[in-house]
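Undergrad: Got a structure for you, questions after.
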Amino acid sequence: MKDRVVVDRNVKQYKGNFHMHTNRSWDSVFPYGEALREYREKGYDFCVVTDHEVYWDSTECDSGDFIALSGVESAFILPEERPYWINDKEYFRSLHINLVNDETKGRPGFLHDQVLRRPIDYGISSWNRYIRYCHDKNQLVIINHPDWSRLEPEIFLAIEGCFAFEIINTGDVNGGGYTDEALWDYALSRGKRILALTGDDTHKYGPENNVCGGSFTMLSAKDFSRRGLVQAIKEGTFYPSTGPRIYDMRIVNDTLHMEFDDAVYVRIVGRDFMGKGYVPLNGEKINTIDWDINSTKGTLKYFRVEIIDERGRKAWSQPVFLNDWDESGVALRDDPHTPIPEEQRKLNLQ
């Protein structure tokens, strides 16, 4: 398989949060300056400001060591009559997405403090149409809290145009919800390539809150600027965590090498039980692994890695597909000498 670097020890990592609320949202009373200051004091380098339907596009809270990226949370609203595709309205939550301005394309399609109209939920097709509309506004799109939203696996699979989702939403999990590893593997094993990040979904701040800082996303970026951070987000050079750090992850000569914080369990997850578990004995800890990918005897389609520390905190690597894409975005062929039929050469998928 192709050699690649997933996490590069030579590139600086920045700690970020992709989901937070301030008094610009209807359900939070904490001023945005105080909220962002608390994240900064907890060691975060950047946050995406995602108030409900009120767009953030300001450098007011930026400094030399902290950046508040432009964004918003946008949620669908149900029509007055119960839609036919909802079987149990009491347990239904409509789709929530976070938007992040694509700084590499310039100014966002929304203004600072602009109030966005909530789209009406007419089903999965309306979701995908709205996501395409957000792309036209220069927005990157994230699926929020699938567990809280009760997103069924088939529905999750059908959502298009989102580069990432929240593997853990701290507000949901601290309220009794779940993380979404099973949903992720359901999608990955069916060919959906989507990355994972975290979101606190913070609404309260101060000493009594148990959400702010509960999770984070480490982003490897060569340029600490608004454009540089977003460029790294688009390149997928990030991983989610609730505690452990990953310092290096690379594949060389079909061997996975990883370096990370002390862990009591490392789990390589592959489809159909084709991964591997590392469990140190006698209370020992491990902080590096070397795994022969060929030990799966060619049956593995993708894998991802979970690092668990002694407090049960976890870091998730992004998935690695063995039949990966080259730099042009074309799937690597098993036999590069096999000619491509002329009708496929002319196929326009746009």
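The values are calculated or read from the model by the stated rules, or taken from the named source; none is laboratory data. Model, not experiment: these values are computed from the prediction. Glycine also receives a Cβ, built like all others from the backbone with ideal geometry; neighbour counts cover every protein chain displayed.
Undergrad: Find the residue count for segment 297-323, including only residues that are buried (at least 19 other Cβ atoms within 10 Å of the Cβ) and β-branched (Val, Ile, Thr). Explain how you work it out, then say what you get.
TA: Let us first name the residues in segment 297-323 that are buried (at least 19 other Cβ atoms within 10 Å of the Cβ), namely 300, 302-305, 307, 309, 314-320.
Those still in the list that are β-branched (Val, Ile, Thr) too: 305, 307, 320.
Qualifying residue count, segment 297-323: 3.
Undergrad: Within segment 110-128, take every residue that is among the charged types (D, E, K, R) and exposed (fewer than 13 other Cβ atoms within 10 Å of the Cβ) and give me the one that is farthest from residue 51 (Cα to Cα). Show your work before the answer.
TA: Of the residues in segment 110-128, the ones among the charged types (D, E, K, R) are 113, 117-118, 121.
Still in the running and exposed (fewer than 13 other Cβ atoms within 10 Å of the Cβ): 113, 117.
Details: 113: 10, 117: 13 Å.
Step by step, filter segment 110-128, then rank; the result is 117.
Undergrad: Any chance segment 53-63 includes a residue that's buried (at least 21 other Cβ atoms within 10 Å of the Cβ), touching a residue at least 12 places away in the same chain (Cβ under 8 Å) and in contact with a His (Cβ under 7 Å, 6 or more places away or on another chain)?
TA: Within segment 53-63, one or more residues are buried (at least 21 other Cβ atoms within 10 Å of the Cβ), touching a residue at least 12 places away in the same chain (Cβ under 8 Å) and in contact with a His (Cβ under 7 Å, 6 or more places away or on another chain).
Undergrad: Can you name the residue in segment 230-263 that is in a loop (DSSP other than H, G, I, E, B), among the polar types (S, T, N, Q) and modelled with pLDDT of 95 or more and is also surrounded by the fewest Cβ atoms within 10 Å (Cβ to Cβ) among such residues? Walk me through how you get there before you give the answer.
TA: If we filter segment 230-263 for residues that are in a loop (DSSP other than H, G, I, E, B), which is where we start, we get 236-237, 242-245, 253-254.
Okay, now just the ones that are also among the polar types (S, T, N, Q), so 237, 242, 253.
Now narrow it down to the ones that are modelled with pLDDT of 95 or more: 237, 242.
Numbers: 237: 20, 242: 22.
The selected residue is 237.
Undergrad: Another one. Take residue 180 and decide whether it is at positive phi and buried (at least 22 other Cβ atoms within 10 Å of the Cβ). So that I can check it myself, show each step before the final result.
TA: On the way: at positive phi: no; buried (at least 22 other Cβ atoms within 10 Å of the Cβ): yes.
The answer is no for residue 180.
Undergrad: Something else: Just the residues that are at pLDDT 95 or above and in contact with a helix residue (DSSP H, G or I) (Cβ under 7 Å, 6 or more places away or on another chain), please, taken from segment 107-139.
TA: Of everything in segment 107-139, just one residue is at pLDDT 95 or above and in contact with a helix residue (DSSP H, G or I) (Cβ under 7 Å, 6 or more places away or on another chain), namely 138.
Undergrad: Ok, one more. Residue check: is residue 190 at pLDDT 95 or above, in contact with a helix residue (DSSP H, G or I) (Cβ under 7 Å, 6 or more places away or on another chain) and not small (Gly, Ala, Ser)? Spell out how you get there, then give the answer.
TA: Values: at pLDDT 95 or above: no; in contact with a helix residue (DSSP H, G or I) (Cβ under 7 Å, 6 or more places away or on another chain): yes; not small (Gly, Ala, Ser): yes.
Here the answer is no, as residue 190 does not meet what is asked.
Undergrad: Restricting attention to segment 150-170, report how many residues are at pLDDT below 95 and over 17 Å from residue 125 (Cα atoms).
TA: Residues meeting the conditions: 1.
Undergrad: Just need a number here: residues in segment 17-39 that are free of Cβ contacts under 8 Å to residues at least 60 places away in the same chain and surrounded by fewer than 18 Cβ atoms within 10 Å (Cβ to Cβ).
TA: Count: 6.
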